[in-house]
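Trainee: Take a look at this one; I'll ask things after.
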Amino acid sequence: MIDGKKVLFSGMQATGTLTIGNYLGALKNWVSLSEEYECFYSVVDLHSITVRQDPAELRRRARALLTLYIAAGLDPKKNCIYYQSHVSGHAELAWILNCFTYMGELNRMTQFKDKSAKHADNINAGLFTYPVLMAADILLYQADVVPVGIDQMQHLEITRDIAQRFNAIYGDVFTIPEPYIGKVGAKIMSLQDPAKKMSKSDENPNASIYLMDDPDTIMRKFKRAVTDSEACVRYTDEQPGIKNLIDIYSACTGKKPEEVEREFDGKGYGDFKTAVGEAAVSVLKPVQERFAELEKDKAYIDSVIKENAEKAGYFAQKTLRKVQKKVGFPEKIR
Ligand code: TYM
């Protein structure tokens with residue numbers, strides 16, 4: 001608890017270009033939860049170097065992502081928006097938690113298996129212990145709730161296991177976090193292969209709607225989206241392409257999937273795809289416009305970066321000191 005409010009933590013990687021999946025599965029929920037909780041939203045750049053990055057590009061993307069958090073509607077006076085690398089407590093706690101995590105647990109992580117298959121030439125120890133750093137992010141702020149898409153659930157589970165293990169030894173040190181998964185949009189699929197998650201790193205640009213795509217591109221990509229030959233708009237696993245488009249439309253408009261089925265009863269896929277495209281444009285356009293304005297205000301963004309890193313650092317230190325004491329590190333002599 002901070003000032004009587006429960007704590008929320010979440011983060012995103014600044015690798016690749018953000019997709020509408022990141023927006024509908026995470027960022028949009030962050031905004032809706034931001035009044036109710038004391039929120040920490042991090043640009044998790046330590047996680048990003050588990051795969052090779054071009055340094056200048058990583059810096060540029062990280063700043064763009066931080067700006068995007070604000071453009072999406074997070075007020076940096078009320079929400080702590082900061083770079084993970086500016087708060088050394090993340091790496092320090094991750095080390096300690098590494099000593100409370102088993103190789104067998106990490107071996108089971110599906111993201112590790114996927115990423116090591118993709119980057120077979122660079123299966124580094126950081127990629128393997130990635131979930132421990134994620135646990136450190138969350139536990140450092142004593143987070144009660146962590147809004148994420150479905151793909152991060154396994155990492156949330158291991159975070160809870162590590163925290164419970166630590167608490168069983170040392171007493172109630174960490175708050176046990178709960179995941180928050182949105183009702184719709186928690187797993188947006190590729191537009192070209194609805195069996196696959198929409199991903200920042202997909203090589204086919206037509207598979208994803210990027211947050212910065214212009215309206216024409218968005219409309220064109222939806223028109224090309226892979227569907228089926230059923231010719232009816234139904235929310236069913238037998239029609240994964242259409243189901244995914246309904247998910248996107250529902251998440252953009254707030255309409256329930258049943259309402260969407262009724263709205264497009266008897267209409268063709270052409271009309272439906274146009275409507276999905278228009279709904280996505282109307283959600284993304286204001287974010288893009290605000291982003292363009294904010295990007296120009298260098299001094300303002302710099303001040304957000306500085307002030308919020310200090311705020312995050314303050315809360316991180318509180319937990320870190322407690323943990324260091326528990327495990328037996330000597331107190332610093334001041
Ligand atoms: P990342 O950067 O891959 O994704 C950021 C958020 O977007 C969600 N997401 C999706 N949601 C719905 N449909 C999709 N197709 C889709 N793709 C991505 C993700 O679930 C995530 O919520 N390891 C994390 C970042 C992280 C983190 C944390 C998150 C580091 N530390 C602590 C929460 C708490 C990641 O790589 O997310």
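Trainee: Could you say which residue among Ala299, Ala280 is closer than 29 Å to Val44 by Cβ, free of Cβ contacts under 8 Å to residues at least 12 places away in the same chain and open to solvent by less than 90 Å² (accessible area, probe 1.4 Å)?
Mentor: Testing whether each residue is closer than 29 Å to Val44 by Cβ, free of Cβ contacts under 8 Å to residues at least 12 places away in the same chain and open to solvent by less than 90 Å² (accessible area, probe 1.4 Å) leaves just Ala299.
Trainee: Evaluate segment 133-146: report whether one residue or more is farther than 22 Å from Gly89 by Cα and aliphatic (A, V, I, L, M).
Mentor: no
Trainee: Which residue, of Ser85, Ser10, Ser32, is of a type in the set (Gly, Ala, Ser) and assigned to a strand (DSSP E or B)?
Mentor: That would be Ser10, the only listed residue that is of a type in the set (Gly, Ala, Ser) and assigned to a strand (DSSP E or B).
Trainee: Just checking, which of Met153, Met198 is outside the structural domain of Tyr102 (by TED's automatic domain parsing), within 12 Å of the ligand (Cβ to nearest atom) and under 17 Å from the mean Cα position of the chain (by Cα)?
Mentor: Selected residue: Met198, the only one of Met153, Met198 that is outside the structural domain of Tyr102 (by TED's automatic domain parsing), within 12 Å of the ligand (Cβ to nearest atom) and under 17 Å from the mean Cα position of the chain (by Cα).
Yes or no, residue by residue, for (1) more than 11 Å from the ligand (Cβ to nearest atom); (2) assigned to a helix (DSSP H, G or I); (3) in contact with a Pro (Cβ under 9 Å, 6 or more places away or on another chain):
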{"residue": "Ile70", "(1), (2), (3)": "yes, yes, yes"}
{"residue": "Leu74", "(1), (2), (3)": "yes, no, no"}
{"residue": "Lys113", "(1), (2), (3)": "yes, yes, no"}
{"residue": "Ser116", "(1), (2), (3)": "yes, yes, no"}
{"residue": "Asp121", "(1), (2), (3)": "yes, no, no"}
{"residue": "Leu127", "(1), (2), (3)": "yes, yes, no"}
{"residue": "Ala143", "(1), (2), (3)": "no, no, yes"}
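Trainee: Separate question: Picking from Leu65, Leu93, Leu106, which residue would you name as being within 11 Å of the ligand (Cβ to nearest atom) and either open to solvent by 10 Å² or more (accessible area, probe 1.4 Å) or not small (Gly, Ala, Ser) (or both)?
Mentor: On the way: Leu93 fails: within 11 Å of the ligand (Cβ to nearest atom); Leu106 fails: within 11 Å of the ligand (Cβ to nearest atom).
None of the others qualify; the one that does is Leu65.
Trainee: Going residue by residue through segment 293-303, is there one that turns out to be within 23 Å of the chain's Cα centre (by Cα) and under 30 Å from Ala135 (Cα atoms)?
Mentor: yes
Trainee: Filter segment 167-185 down to residues that are buried (at least 21 other Cβ atoms within 10 Å of the Cβ) and more than 30 Å from Leu245 (Cα to Cα) and give me whichever is farthest from the ligand (Cβ to nearest atom).
Mentor: Phe174
Trainee: Since Ser282 meets every condition but one in (1) of a type outside the set (Phe, Trp, Tyr); (2) outside the structural domain of Ser42 (by TED's automatic domain parsing); (3) in contact with a Pro (Cβ under 9 Å, 6 or more places away or on another chain), which condition does it not meet?
Mentor: Going through the list (1) of a type outside the set (Phe, Trp, Tyr); (2) outside the structural domain of Ser42 (by TED's automatic domain parsing); (3) in contact with a Pro (Cβ under 9 Å, 6 or more places away or on another chain), Ser282 breaks only (3).
Trainee: Then there is this: Test Ile138 against the criterion of being assigned to a helix (DSSP H, G or I), in contact with a Pro (Cβ under 8 Å, 6 or more places away or on another chain), within 24 Å of Tyr37 (Cβ to Cβ) and within 15 Å of the ligand (Cβ to nearest atom), and give yes or no.
Mentor: yes
Trainee: How do the pairs read when you match residues in segment 114-127 that are aliphatic (A, V, I, L, M) with residues anywhere that are in a loop (DSSP other than H, G, I, E, B) and surrounded by 11 or more Cβ atoms within 10 Å (Cβ to Cβ), using Cβ under 7 Å and keeping only pairs 6 or more apart or on different chains?
Mentor: Leu127/Thr50
Trainee: Criterion first (in a helix (DSSP H, G or I) and basic (Lys, Arg)) does Lys200 satisfy it?
Mentor: Answer is no for this residue.
Trainee: Out of the residues in segment 186-195 that are within 9 Å of the ligand (Cβ to nearest atom) and not small (Gly, Ala, Ser), which is least open to solvent (accessible area, probe 1.4 Å)?
Mentor: So the residue we want is Ile188.
The values are calculated or read from the model by the stated rules, or taken from the named source; none is laboratory data. Keep in mind the model is a prediction, meaning the values are calculated, not measured. Cβ: placed from backbone, ideal geometry, glycine included. Neighbour counts: every protein chain shown. For the accessible areas, the whole protein counts, side chains as well, though only heavy atoms, and no ligand, DNA or RNA atoms are used. Shrake-Rupley method; radii C 1.70, N 1.55, O 1.52, S 1.80 Å.
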